[in-house]
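Comments concern the structure below.
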Amino acid sequence: MKITPTALQDMLLIEPQLLADERGFFYESFNARRFTELTNVAANFVQDNFSRSRRNVLRGLHYQIQETQGKLVQVMAGEVFDVAVDLRQSSPSFGRWVGTALSATNRLQHWIPPGFAHGFLVMSASADVLYKTTAYYAPEHERSILWDDASIGIQWPLQNQPSLSAKDSRAGLLKNAELFG
């Protein structure tokens, strides 16, 4: 497993070790002991979420203001542009974003710590995204920030307007958001 820090404090890019031969491949997508050794993060994952979306679907930017979730995100089929935004006011990377192409081919993963908003844009015909969370989904604490908030300036690789849920199209701006200390 290779761990690469991102431009956002505490957020990591993870590359599992692949064992491949003429029969196919094998990789360990998660190992708690190894993850903790390499990241110094003792994540206790309590829920796995799986979504399938078609091309140009944009989900996010989501976070929970209480019962905050750390997320380990990976793509099982297809490709997405995966984005995290630091919402921790005390962080030197507050309000900044990182985006990475995650795919079934490159097998890269994002570790997105609690205190970040998360979203993704589907780049392939469809994509299956699997992410582990460190807290259960709590709809009463869920919040959203508008995907195209100019103050964040995410450079989504869009060809045309994305397909959004009604909830995501009504999301608010960062300047009005409930934030973390």
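The values are calculated or read from the model by the stated rules, or taken from the named source; none is laboratory data. This structure is a prediction, so every number in the text was calculated from the model and none was measured. Cβ placement follows ideal geometry from the backbone for every residue including glycine, while neighbour counts extend to all protein chains displayed.
Which of the residues that make up region 141-178 are assigned to a helix (DSSP H, G or I) and touching a residue at least 40 places away in the same chain (Cβ under 8 Å)? Working first, answer last.
Initially, region 141-178 is screened for residues assigned to a helix (DSSP H, G or I), giving 141, 166-169, 174-176.
The answer is His141, Asp168, Leu174.
Trp111 meets the conditions (1) touching a helix residue (DSSP H, G or I) at 6+ places or on another chain (Cβ under 7 Å); (2) assigned to a loop (DSSP other than H, G, I, E, B) in every case but one. The failed one is (2). Say we look at region 37-96 and pick out the residues that are closer than 28 Å to Leu173 by Cβ and among the basic types (Lys, Arg); which of these is surrounded by the most Cβ atoms within 10 Å (Cβ to Cβ)? The residue in question is Lys71. Give the residues of region 88-106 that are among the aromatic types (Phe, Trp, Tyr) and part of a strand (DSSP E or B), sorted by residue number. Result: Trp97, single match. In region 123-132, is there at least one residue being closer than 11 Å to Met11 by Cβ, at pLDDT 95 or above and either in contact with a helix residue (DSSP H, G or I) (Cβ under 6 Å, 6 or more places away or on another chain) or surrounded by 17 or more Cβ atoms within 10 Å (Cβ to Cβ) (or both)? Checking region 123-132: not a single residue is closer than 11 Å to Met11 by Cβ, at pLDDT 95 or above and either in contact with a helix residue (DSSP H, G or I) (Cβ under 6 Å, 6 or more places away or on another chain) or surrounded by 17 or more Cβ atoms within 10 Å (Cβ to Cβ) (or both). Among the residues making up region 1-27, those that are charged (D, E, K, R) and loosely packed, with under 12 Cβ neighbours inside 10 Å are Lys2, Asp21, Glu22, Arg23.
Looking at this structure, is Val85 in contact with a strand residue (DSSP E or B) (Cβ under 8 Å, 6 or more places away or on another chain), β-branched (Val, Ile, Thr) and either farther than 17 Å from Met123 by Cβ or assigned to a loop (DSSP other than H, G, I, E, B) (or both)? Step through it out loud before you land on a result.
On the way: in contact with a strand residue (DSSP E or B) (Cβ under 8 Å, 6 or more places away or on another chain): yes; β-branched (Val, Ile, Thr): yes; either farther than 17 Å from Met123 by Cβ or assigned to a loop (DSSP other than H, G, I, E, B) (or both): yes.
Yes, satisfied.
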